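> Mind looking over this structure? Questions follow.
The values are calculated or read from the model by the stated rules, or taken from the named source; none is laboratory data. Since this is a predicted model, take the numbers as computed values, not measurements. Here the Cβ positions follow ideal geometry from the backbone for every residue, glycine too, while neighbour counts run over all protein chains shown. Surface areas here come from the heavy atoms of the whole protein model, side chains and all, with no ligands, DNA or RNA. Shrake-Rupley method; radii C 1.70, N 1.55, O 1.52, S 1.80 Å.
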Amino acid sequence: MANDVYQHNFGHRPHQGNIQCLSAVELDKFAAHAWLMSPPCQPYTRQGLQKDADDARASSFLEILKQIPHASKPPFMLFVENVVGFETSRTREHLMEILERTGFVAQEYILSPVQFGVPYSRPRYFCLAKRKPLSFTNPSINDQLVRAAPFLLHEYCSAMDDNISEEMSHISCKQIKDFLETDSFLSDISRNTRSEHCEMLDETPDDLVGISIEEHCVPDGRVILQAFKSTNGSAESNAEKNDVLHGTLSPYTVPLSLIERWGSAMDIVYPDSRRCCCFTKSYYRYVKGTGSLLATVRVQRKQPLDGKVELSELGLRYFTPREVANFHSLPENFEFPEHINMKQRYALLGNSLSVAVVAPLLRYLFTDSRGCPPHE
């Protein structure tokens, strides 16, 4: 599937094969200046068995590392990405041992899109390495693991303190509403605050009364969420509104049954929030720990009862695949081929990288010590 999406967007299909079968001689034939690697993360995730280097899924990465000392044309640069937890693994120890033995200097980072102005918490481990005599423009952090890279952040966060952490960087982030597909899809915070006796997100024109949301789906999968009013102009009952929000009218609406069962485990954000949780490949299939849900209605009670807001009143929906792509900073012209279904799209996005983080890291890696950018 991933190769289908790549071919659809770039016009050519990547070569697919088992890299464990590649010898040093075969790798030399590529004469690659840089190796960019994102090995399977399952051996290092907190939710997994944490078998580390003993996990069979770590074998391909370890095997290709073993070929570096035997290559007559080893790469000049390496880039490695993985989940947080990799930095304490035995696999990482193997990596650093081979880099040192073969004349590389390395810098390690744990960075998240939220540090680059994107309201998306997805911390990841990165290792950048250069083979001597190449060097980094900022050698003071050689052989260190750093959790902030202010020299990469000037585009979004020029006023940030050099030691700012991810916990504080949300102050400079954009709002989630800047990453949504359409303003019609959400409740505008300033105009659509609900009271205990409230109206829905937007008033629907009289000629749309009785038209289902499903009939307002845009061909590319976007859904314009609109409220209905009865023929006499009065607001519908809360029960009827919940039927609209939590029924089968929208493929992105969170079913009421899931809210009732898993509501306490849901991470809920609003359009004016400045952070959402990491989207995993299981988003849309499972609720707990797979990513944030968007509240399209903000409730403000005139007389608080127990101080709680019923989750069923928030108009909860999933973020669309396009919106998840936006949080990953994929370009506007990125698209999926039609045969990739919705669950597959979420799975592919959950396994993808943040362009907002990786792009400046690669530019930094490809910049020589004199500050010259890489040749295009």
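> Residues of the range 346-376 being small (G, A, S), at pLDDT below 90 and on the phi < 0 side of the Ramachandran plot, which ones?
The answer is S369, and nothing else.
Residue-by-condition table, conditions (1) at pLDDT 95 or above; (2) farther than 22 Å from Y6 by Cα:
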residue	(1), (2)
Q303	no, yes
F319	yes, yes
I340	yes, no
Q344	yes, no
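> Using the structure shown, decide if C21 is of a type outside the set (S, T, N, Q), surrounded by fewer than 11 Cβ atoms within 10 Å (Cβ to Cβ) and out of contact with any Pro (no Cβ under 8 Å at 6 or more places or on another chain).
In short, yes.
> Also: So, in the range 275-300, how many residues would count as being open to solvent by 30 Å² or more (accessible area, probe 1.4 Å), farther than 22 Å from S352 by Cβ and part of a loop (DSSP other than H, G, I, E, B)?
So the answer is 1.
> Output the residue which, of all residues in the range 29-48 that are in contact with a Lys or Arg (Cβ under 6 Å, 6 or more places away or on another chain) and not in a loop (DSSP other than H, G, I, E, B), is most open to solvent (accessible area, probe 1.4 Å).
In this case the residue turns out to be Q42.
> Quick one: which of E26, E97 is open to solvent by 10 Å² or more (accessible area, probe 1.4 Å), of a type outside the set (A, V, I, L, M, F, W, C) and under 22 Å from I141 (Cβ atoms)?
Answer to the check: E97.
> On to the next question. Checking the condition in contact with a Lys or Arg (Cβ under 9 Å, 6 or more places away or on another chain), touching a residue at least 60 places away in the same chain (Cβ under 8 Å), crowded, with 16+ Cβ neighbours inside 10 Å and not in a loop (DSSP other than H, G, I, E, B), which residue from E108, E81 passes?
Criteria check complete, one pass: E81.
> Would you mind telling me which numbered condition in (1) in a helix (DSSP H, G or I); (2) touching a residue at least 40 places away in the same chain (Cβ under 8 Å) K73 fails?
Status for K73: all satisfied but (1).
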